[in-house]
Amino acid sequence: MESNMNNTGIKIALWRVNSDNPKSPILNGTVTIDGISHPISLWDNSMADNPKAPVLKGKLSKPSPKLETSNSLPF
């Protein structure tokens, strides 16, 4: 059995979030681990009281549901 070396390892892709909401993350993106993509969100943590705190804090994020905006009924 051959292993596919293209799907191994970790890849990270991040995009800036353009939002006026102070609670929104500053970065969204994906972490791909061994070919499986996980959506993530990162928030600014640079103002934390602890000087050894990480600059960014994050979590796995749930994809936003896509709503259909069609006015016609499917039946």
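Values as computed for the structure displayed
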{"item": "Pairs, first surrounded by 10 or more Cβ atoms within 10 Å (Cβ to Cβ) in the range 48-68, second in a loop (DSSP other than H, G, I, E, B) and at pLDDT 85 or above, C-beta under 7 Å, six or more apart", "result": "53/45; 54/45; 55/45; 55/46; 56/45; 57/45"}
{"item": "Top-ranked residue of the range 12-24 - restricted to ones that are open to solvent by less than 70 Å² (accessible area, probe 1.4 Å) and more than 9 Å from the chain's Cα centre (by Cα), ranked as nearest to residue 59 (Cα to Cα)", "result": "24"}
{"item": "Test: residue 54 is in a loop (DSSP other than H, G, I, E, B), modelled with pLDDT of 95 or more and not aliphatic (A, V, I, L, M)", "result": "yes"}
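The values are calculated or read from the model by the stated rules, or taken from the named source; none is laboratory data. No experiment lies behind these values; they were computed from the predicted model shown. Positions of Cβ are generated from backbone atoms using ideal geometry, with glycine treated the same way; all protein chains shown enter the neighbour counts. Keep in mind that these areas ignore ligands, DNA and RNA; they rest on the heavy atoms of the full protein, side chains included. Shrake-Rupley method; radii C 1.70, N 1.55, O 1.52, S 1.80 Å.
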